[in-house]
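The values are calculated or read from the model by the stated rules, or taken from the named source; none is laboratory data. Here the structure is a predicted model, which is why all the values come from computation and not from measurement. So basically every Cβ, Gly included, is an ideal-geometry build from the backbone, and we count neighbours across all protein chains shown.
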Amino acid sequence: MLPIYKQSILNQGLNVLIYSGDVDSVVPATATRRCIQELGLKIKSKWQHWTDSKKQIGGYTEEYAGLTYATVRNAGHEVPSFQPMRAYDMFSRFLKSNHVVVK
């Protein structure tokens, strides 16, 4: 998928959200983060926590040029099944502003 992200999606000026559950045993969050780093994108916002609508830590996020990577706390491989509220918070924030962290 990395070449597709690099050559097709990111070159079109689209903003991409990639997310992982932080307890995903199928595709670990650390492996996804490592793959994203291989794209060589410029970091716009370093690794930081984001809070959910209940003001608890929802996960962590890092923003790159054209791409946002976020984790969802206490979620497994199918994030919306494990943490529906946090998944909704993350998706809706990204759709509204292309960011997961609301400042």
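Please work out if G40 is in contact with a strand residue (DSSP E or B) (Cβ under 8 Å, 6 or more places away or on another chain), modelled with pLDDT under 95, on the phi > 0 side of the Ramachandran plot and not β-branched (V, I, T). Criteria not met by G40.
Of all residues in the range 44-58, those that are among the aromatic types (F, W, Y) and either closer than 22 Å to M85 by Cβ or touching a residue at least 40 places away in the same chain (Cβ under 8 Å) (or both) total 1.
Quick check: is even one residue across the range 59-68 free of Cβ contacts under 8 Å to residues at least 60 places away in the same chain, surrounded by 20 or more Cβ atoms within 10 Å (Cβ to Cβ) and more than 15 Å from H99 (Cα to Cα)? Checking the range 59-68: not a single residue is free of Cβ contacts under 8 Å to residues at least 60 places away in the same chain, surrounded by 20 or more Cβ atoms within 10 Å (Cβ to Cβ) and more than 15 Å from H99 (Cα to Cα).
Has the range 6-20 got at least one residue that is farther than 12 Å from V101 by Cα, crowded, with 18+ Cβ neighbours inside 10 Å, modelled with pLDDT under 90 and touching a helix residue (DSSP H, G or I) at 6+ places or on another chain (Cβ under 6 Å)? Scanning the range 6-20 turns up no residue that is farther than 12 Å from V101 by Cα, crowded, with 18+ Cβ neighbours inside 10 Å, modelled with pLDDT under 90 and touching a helix residue (DSSP H, G or I) at 6+ places or on another chain (Cβ under 6 Å). The set of residues in the range 82-102 that are surrounded by fewer than 17 Cβ atoms within 10 Å (Cβ to Cβ) and free of Cβ contacts under 8 Å to residues at least 60 places away in the same chain comprises P84, M85, Y88, S92, L95, K96, S97, V102.
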